[in-house]
Structures are given as C-alpha cells and as structure tokens.
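Visitor: What follows is a structure written as structure tokens; I'll ask about it next.
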Amino acid sequence: MPRPLALTLGLDRAADTSLSGQVAGQIRDRVLAGLLPVAGRLPSTRALARDLGVSRAVTEQAYDQLAAEGWIEGRQGSGTFVAAGAVPRPRHRPARTHQPEPALLRLDTGTPWIDPRHRAAWRRAWRDVSAAPPPPSYDDPAGVRDLRVELSTHLARTRGLLCDPDEILVTTGTIGGLNQLLAALPPGDVAHEDPGYRAAAEAIRASGRALRDLPATEPVGELTGTVAAYVTPAHQHPLGPVMPGSARLALIDAAARAGAVVIEDDYDSEFRYDVAPVPALAALDRDRVAYLGTTSKTVAPSMRLGWLVAPAALHRAILGRRTVTHDVAAWPVQRAFLSLLRDGYVDQVVRSARRTYATRAARVTDALRPHAEPILPVAGMYATVPLPQARALRARASARAAGFEVPLLSDYCRTARLTGLIIGFGGCTDDELDRALAALVGGLS
C-alpha cells in the first residue's frame with residue numbers, strides 16, 4: 001500500500017470562499033500542475049482534517065466535490081487516489097521569438113500637458129464625488145442635468161455656442177458621440193477630411209459606412225451623395241489651419257444642398273495662442289451642424305468624457321436610443337467634471353497649458369530652423385512639419401534611437417500625398433522635448 005502524499009495547504013478563515021472550497025481548489029490546482037501524480041494516494045479525510053485543524057465535514061465535502069469533478073477517486077478498502085484521467089496541463093512556456101522593443105515616449109497630437117500646480121483641485125473634485133450620493137438607478141439618459149447646465153454656460157462663454165442644457169448630450173468622449181451620431185443617421189456615405197483624424201475615420205468604417213475623402217487643403221463645394229461630413233474647422237487635424245469664414249459658409253451651403261449634416265469635432269480650440277479662439281462652426285447653423293466637444297485635451301484623455309449638441313431630429317433619435325441602451329458616461333466621471341468646471345479648474349489648466357504650448361511651439365520652430373519649417377501658425381499641442389518622405393523617415397529613425405516616437409504625416413493620409421512629421425509637445429517635459437528636437441535635427445542635418 002503506497003504511503004499518502006504530503007499535502008501542505010493554507011486556509012484563510014476570513015476569505016469569502018468556504019473552507020471546503022479552499023481545500024478542493026488547492027488540491028485541484030496541484031493535480032493540474034502535475035504536483036500530485038496520477039494514482040497518487042491522498043491522505044484520509046480524517047488525517048487531513050486533523051492536519052488542517054478543521055472538522056472532518058470540511059475535508060469530506062472537499063473530497064466529494066473533487067470526486068464529482070473527476071479529479072480523485074475512492075478505492076474500496078484502499079483509500080482515495082488521484083484519478084487516472086486527471087492529466088496535468090503542460091507547464092512549459094512558448095519560446096520567445098523576439099525581444100520586446102524598448103518603450104518609446106510618443107510625441108503625439110492628443111496627449112495634453114497638465115500643470116501639476118492644479119492637482120489639489122483635481123483631488124478636491126473626486127472628494128466631492130465620494131461625498132455625493134449616486135443615483136439610485138440609471139441616471140438621466142442625456143447626462144447629469146447640473147453638468148449640462150454648466151456646459152451650456154461654458155460653451156456660450158468660450159465657443160460662442162448658445163444652447164439650452166436640454167440640447168446637450170453628455171458622451172463618452174468624441175468617438176462615443178460620433179458613434180451615436182452615426183447610428184442615428186440614415187444610410188449613406190460620410191465625408192471625412194484627408195488627411196484627418198484616424199480614430200474618426202475608423203469609427204466611420206466600423207459603422208459600415210463608406211468614407212469619401214475631402215481634401216483638407218481645399219474648400220468643400222459638393223457633398224451630394226453623403227449623409228454627413230466630419231470636419232475639424234477650428235484647428236484642422238493634423239495640418240493645423242483654421243477653416244476660413246468663406247469656407248465655413250460654403251461647407252454649410254453644400255451640406256444643405258445635399259441634405260447632409262456637418263459633424264464638427266472641436267477637439268482643441270481652447271489652445272490658440274496667436275489669436276482668440278475661433279467661434280464654433282455650429283454657432284453659424286444649429287440646424288445643420290452637430291457639435292462634438294471633449295475633455296481629452298483639457299483635463300485628461302482617460303476621463304472619456306465629452307458632449308454633443310446635435311440638430312433637433314438627431315438629438316431626439318439619439319436620446320431615445322440612449323433611454324433604452326443606457327449608453328451614457330459614468331456618473332462619477334460626470335460628477336467630477338461638474339466639480340472641475342464649478343471650481344474653475346478647467347479654466348486654470350487651459351490658461352496654464354496655453355502659455356506652455358506657446359513657449360514650446362516657439363521652441364520647436366526655432367530648433368528646426370533652418371532644416372525644416374512647420375506649418376504656421378502653430379497652435380494646440382503639436383506642430384506639423386512638411387518634409388520629403390525620405391527625410392521624414394530619417395528624422396523619425398533618429399528620434400526613435402533617442403527614445404521618442406514621432407508620427408509621420410503620411411500615416412494620417414488616405415488618398416492625399418502629403419509627407420512630413422507631426423511633433424506633439426503636450427505629453428512631455430521641457431527637457432524631453434529638447435532631447436527629442438535635438439535627435440530630429442540630427443536626423444535632418
């Protein structure tokens with residue numbers, strides 16, 4: 001008769017799992033790992049109970065559970081054994097085929113700089129959330145009413161967009177709002193700037209709609225055959241220019257003739273430092289333009305919070321769907337942003353970032369001269385630098401060798417044939433920016 005296998009098990013009497021469940025789980029894990037061999041004899045329930053300092057009922061329940069699962073089996077007059085069919089899982093790891101690449105600091109168009117001096121207000125907002133009672137059930141499908149009231153004031157003051165709180169829908173960021181717009185639109189193609197915001201283009205494709213490229217450097221004169229046109233008029237992404245007034249009127253006129261909706265992504269209009277922020281396109285025609293705003297460039301991309309002001313028919317359709325799907329931003333995030341708006345935090349971080357970006361934009365322009373010239377005026381948190389593709393690739397390779405990832409302009413193009421670099425300067429320190437610029441200049445020299 002083989003001697004029983006030694007079982008050293010640990011039990012946590014404060015755990016949510018029952019003691020018998022813990023015993024069964026640990027034995028099961030050892031069988032699967034091959035630590036208890038097939039046909040190995042287990043201690044009796046009495047002996048195991050004595051070793052563990054528990055009642056025999058605990059070990060009996062554990063053995064009964066394992067026997068029912070087929071991991072152990074009892075033999076009349078001989079004891080309990082690991083079942084013959086309890087084959088352990090392979091323990092080997094797949095061979096590594098390549099070494100992981102070192103992490104690079106990405107100088108992209110979307111990572112903002114947040115002044116650390118304002119962290120106290122950030123913490124205060126979340127303390128407010130913890131003290132506020134959450135809704136007892138699903139919240140208002142349009143979003144927290146108090147937040148929409150604050151947003152109404154904020155949009156009127158900063159973007160010249162006059163709207164009632166009931167005309168605002170709180171969203172899970174720009175793409176969340178865009179997805180809801182796309183779901184509410186009739187079937188048809190969607191026009192999109194080229195080059196343009198890649199996440200938006202992907203969202204349009206994922207909705208099952210065809211993309212129609214709009215040359216970003218030319219006014220839009222025709223939208224026939226489309227149901228919507230996605231644009232970034234305050235700061236064209238990623239080339240940078242502001243859409244002129246005449247082009248704005250031409251776009252709205254083309255949309256009206258086609259029966260299409262203009263989708264305005266107002267992603268970083270707060271960060272002009274050459275002139276005052278340009279008023280929102282939606283302020284010209286609320287019946288034709290759907291306005292998307294976001295916290296991603298002012299507060300934090302990880303908040304996943306934004307807002308949508310849509311023409312009345314689309315608003316009703318989206319709100320009706322949200323009433324059923326509850327596709328609304330999380331209440332704690334909405335409540336925190338409400339506190340940040342009321343406390344003046346948003347205005348403070350925007351002012352601080354605007355000053356920082358203005359300084360860094362000048363630093364980028366000065367460092368690259370005379371090797372390259374960004375598209376002027378630089379605004380927001382990135383600079384677009386036209387270059388022949390070969391030179392752009394050399395500069396990017398030099399930056400990568402120094403630990404920085406700098407996007408290529410060609411990555412934002414579909415049919416456009418534009419090449420160069422896009423240098424973000426929000427998600428880095430001044431020292432990191434200087435080192436990245438030195439590497440880029442080295443690749444351009």
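Visitor: Could you check how many residues of segment 1-25 are closer than 22 Å to G70 by Cβ, small (G, A, S) and either touching a strand residue (DSSP E or B) at 6+ places or on another chain (Cβ under 8 Å) or part of a loop (DSSP other than H, G, I, E, B) (or both)?
Guide: The total comes to 1.
Visitor: Those residues that are in a loop (DSSP other than H, G, I, E, B) and crowded, with 20+ Cβ neighbours inside 10 Å, I need them from segment 44-89; list them, please.
Guide: Answer for segment 44-89, where residues must be in a loop (DSSP other than H, G, I, E, B) and crowded, with 20+ Cβ neighbours inside 10 Å: W71, A86.
Visitor: Just for segment 6-40: of the residues that are basic (K, R) and surrounded by fewer than 19 Cβ atoms within 10 Å (Cβ to Cβ), which one is nearest to Y63 (Cα to Cα)?
Guide: Looking at the filtered set, the residue picked out is R28.
Visitor: Just the residues that are polar (S, T, N, Q) and more than 10 Å from L147 (Cβ to Cβ), please, taken from segment 328-354.
Guide: Scanning segment 328-354 gives Q348, S352.
Visitor: Still on this model: Could you list all residues from segment 375-391 that are closer than 19 Å to G427 by Cα and in a loop (DSSP other than H, G, I, E, B)?
Guide: If the condition is that a residue be closer than 19 Å to G427 by Cα and in a loop (DSSP other than H, G, I, E, B), then V378, G380, M381 are the ones that fit.
Visitor: Let me ask another. Does any residue of segment 323-334 turn out to be small (G, A, S) and either touching a strand residue (DSSP E or B) at 6+ places or on another chain (Cβ under 6 Å) or surrounded by fewer than 21 Cβ atoms within 10 Å (Cβ to Cβ) (or both)?
Guide: yes
Visitor: Being assigned to a loop (DSSP other than H, G, I, E, B), over 17 Å from H235 (Cβ atoms) and among the charged types (D, E, K, R) is true for just one of R417, R351, R355. Which residue is that?
Guide: R417
Visitor: If you check V364, V309, which single one turns out to be assigned by TED's automatic domain parsing to the domain that holds V262 and of a type in the set (V, I, T)?
Guide: On the way: V364 fails: assigned by TED's automatic domain parsing to the domain that holds V262.
That would be V309, the only listed residue that is assigned by TED's automatic domain parsing to the domain that holds V262 and of a type in the set (V, I, T).
Visitor: Report yes if L161 is in a loop (DSSP other than H, G, I, E, B), touching a helix residue (DSSP H, G or I) at 6+ places or on another chain (Cβ under 7 Å) and either crowded, with 22+ Cβ neighbours inside 10 Å or of a type in the set (F, W, Y) (or both), otherwise no.
Guide: yes
Visitor: Pairs please, first residue from segment 216-230 and modelled with pLDDT of 95 or more, second anywhere and among the β-branched types (V, I, T) and assigned to a strand (DSSP E or B), Cβ atoms under 6 Å, 6+ apart in sequence or on different chains.
Guide: Filtered contacts from segment 216-230: A228/V190; A228/V261; A228/I263; A229/V262; Y230/I263.
Visitor: Say we look at segment 408-427 and pick out the residues that are of a type outside the set (S, T, Y) and surrounded by fewer than 21 Cβ atoms within 10 Å (Cβ to Cβ); which of these is nearest to the chain's Cα centre (by Cα)?
Guide: The selected residue is G427.
Visitor: Give A183, A203 a once-over and let me know the one that is surrounded by fewer than 16 Cβ atoms within 10 Å (Cβ to Cβ), aliphatic (A, V, I, L, M) and either in a helix (DSSP H, G or I) or assigned by TED's automatic domain parsing to the domain that holds G293 (or both).
Guide: Result: A183 is the single residue among A183, A203 that is surrounded by fewer than 16 Cβ atoms within 10 Å (Cβ to Cβ), aliphatic (A, V, I, L, M) and either in a helix (DSSP H, G or I) or assigned by TED's automatic domain parsing to the domain that holds G293 (or both).
Visitor: Would you confirm whether any residue within segment 381-401 is aliphatic (A, V, I, L, M) and under 30 Å from S137 (Cβ atoms)?
Guide: no
Visitor: Next question. Quick one: is R435 without any contact (Cβ under 8 Å) to a residue 40 or more places away in the chain and touching a strand residue (DSSP E or B) at 6+ places or on another chain (Cβ under 8 Å)?
Guide: Here the answer is yes, as R435 does meet what is asked.
Visitor: Let me ask something else. What are the residue pairs meeting all of these: first residue in segment 152-173, first residue over 9 Å from V309 (Cβ atoms) and in the same structural domain as A329 (by TED's automatic domain parsing), second residue among the aromatic types (F, W, Y) and crowded, with 18+ Cβ neighbours inside 10 Å, Cβ atoms under 7 Å, and 6 or more apart or on different chains?
Guide: Short answer, once both residue conditions are applied: V170/W307; T171/W307.
The values are calculated or read from the model by the stated rules, or taken from the named source; none is laboratory data. All values reported here derive from a predicted model rather than from experimental measurement. Cβ atoms come from the backbone with ideal geometry, glycine included; neighbour counts cover every protein chain shown.
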